[in-house]
1. Within segment 83-102, restricting attention to residues that are surrounded by 18 or more Cβ atoms within 10 Å (Cβ to Cβ) and small (Gly, Ala, Ser), which residue is nearest to Leu38 (Cα to Cα)?
2. Pairs under 7 Å by beta carbon, first residue on the phi > 0 side of the Ramachandran plot in segment 162-176, partner crowded, with 19+ Cβ neighbours inside 10 Å and not aromatic (Phe, Trp, Tyr), six or more apart or different chains?
3. Mind checking which residues of segment 223-237 are more than 16 Å from Arg19 (Cβ to Cβ) and more than 20 Å from the chain's Cα centre (by Cα)?
4. Please state which one of Tyr28, Tyr35 is crowded, with 17+ Cβ neighbours inside 10 Å, of a type outside the set (A, V, I, L, M), within 23 Å of Gly231 (Cβ to Cβ) and touching a helix residue (DSSP H, G or I) at 6+ places or on another chain (Cβ under 7 Å).
5. Filter segment 16-68 down to the residues that are part of a strand (DSSP E or B) and either of a type in the set (A, V, I, L, M) or free of Cβ contacts under 8 Å to residues at least 40 places away in the same chain (or both) and list them by number.
6. Would you mind telling me which numbered condition in (1) crowded, with 20+ Cβ neighbours inside 10 Å; (2) under 16 Å from the mean Cα position of the chain (by Cα); (3) not in a loop (DSSP other than H, G, I, E, B) Asn105 fails?
7. Can you find a residue that is over 21 Å from Leu183 (Cα atoms), in contact with a strand residue (DSSP E or B) (Cβ under 8 Å, 6 or more places away or on another chain), at pLDDT below 95 and surrounded by fewer than 19 Cβ atoms within 10 Å (Cβ to Cβ) anywhere in segment 5-23?
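The values are calculated or read from the model by the stated rules, or taken from the named source; none is laboratory data. Since we're looking at a predicted model, the values are computed, not measured. Here the Cβ is made from the backbone with ideal geometry for all residues, glycine too, and neighbour counts use every protein chain on show.
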Amino acid sequence: MTPRTAAVATPCLYEAEIRHVRSGGSHYRIRHRTYLWLVDLDELPVLPGLLGPLARFYPRDHFGGDARSVRAGLDGFLAARRAGLPPGSRVLMLAHARVLGHVFNPLTVYWCHGPDGALRHVVAEVHNTYGERHCYLLPPETGSDPGTGPDCGPVVPKEFYVSPFLAVEGGYRMRLPEPGERLALTVRLAGGGDGARLTATVRGERRPADARGVLRAALRHPWSTAAVSAGIRYHGIRLWLRGLPVRPRPRHVPQEGLK
């Protein structure tokens, strides 16, 4: 049976903690606090007045970058895989907004619902620090209740170079339930030739996306998107200084629907 999820009121914010734990061969832990937006792709929020620079959503920041809207970019990606959504479908996106002119989304998640409310697809869009993007089209079971366990569900082959310390090999197990009052995402990578394993989790609590809520989040996490970019580079330098070998970056070929 196709999973269904309860309707989620949008837009809203999630104050979140992101953790990365690397094990197998070399152990390393990262913890970072930030906030994320959950938005309806057909009703993207526009903040008023002086709050505008704190959250903007542009088509160029997702998929191929040249569609007329983020929704059109998603539709193009799905159409290229014969997985298009019928009229009346609803798509929710969890992502960083562009803040003070800067954005970086290591992971953006899209929950694609049919007109009947049933979850049809989950799309995980991954960006690396080299300006490249790759999307994984996942079955609706990926968005099921996290109580079924992060080790359940299919393995998705890794197809994209993300970290210079991990080769493009192995597979992901993703548990990406649509958030409600709480946010709980888990991505696990295993099966690489060097035995390295990586577990990334995102845990957060729902907050209102009104003017007060946005300002509060921005003050608690100043220039949040730039902080994400800086943090990735900082930890990359630390891993390099620890002697982890750098894996060569293969030539990136954009996916059909992202060109």
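1. Residues of segment 83-102 that are surrounded by 18 or more Cβ atoms within 10 Å (Cβ to Cβ), as a first pass: 85, 89-99.
Right, trim to small (Gly, Ala, Ser) and you get 89, 95, 97.
Values: Ser89: 17, Ala95: 7, Ala97: 10 Å.
Ranking the qualifying residues of segment 83-102, first place goes to Ala95.
2. Pairs found: Gly170/Lys158; Gly170/Leu189; Gly170/Gly192.
3. At the first step, the residues of segment 223-237 found to be more than 16 Å from Arg19 (Cβ to Cβ) are 223-226, 229-230, 233, 236-237.
Of everything in segment 223-237, just one residue is more than 16 Å from Arg19 (Cβ to Cβ) and more than 20 Å from the chain's Cα centre (by Cα), namely Ile237.
4. Details: Tyr28 fails: crowded, with 17+ Cβ neighbours inside 10 Å.
On inspection, the qualifying residue turns out to be Tyr35.
5. The initial filter retains those residues of segment 16-68 that are part of a strand (DSSP E or B), namely 16-23, 28-40, 56.
Residues satisfying the conditions are Ala16, Ile18, Val21, Arg29, Ile30, Arg31, Leu36, Leu38, Val39.
6. Answer for Asn105: the failing condition is (3).
7. Kept after step one, since they are over 21 Å from Leu183 (Cα atoms), are these residues of segment 5-23: 22-23.
Cutting the leftovers down to in contact with a strand residue (DSSP E or B) (Cβ under 8 Å, 6 or more places away or on another chain) gives us 22-23.
Right, trim to at pLDDT below 95 and you get 22-23.
Now narrow it down to the ones that are surrounded by fewer than 19 Cβ atoms within 10 Å (Cβ to Cβ): 23.
So far as segment 5-23 goes, yes, one or more of its residues are over 21 Å from Leu183 (Cα atoms), in contact with a strand residue (DSSP E or B) (Cβ under 8 Å, 6 or more places away or on another chain), at pLDDT below 95 and surrounded by fewer than 19 Cβ atoms within 10 Å (Cβ to Cβ).
Here's the yes/no breakdown for (1) among the hydrophobic types (A, V, I, L, M, F, W, C); (2) free of Cβ contacts under 8 Å to residues at least 12 places away in the same chain:
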{"position": "Gly88", "(1), (2)": "no, no"}
{"position": "Val103", "(1), (2)": "yes, no"}
{"position": "Pro106", "(1), (2)": "no, no"}
{"position": "Asp116", "(1), (2)": "no, yes"}
{"position": "Val126", "(1), (2)": "yes, no"}
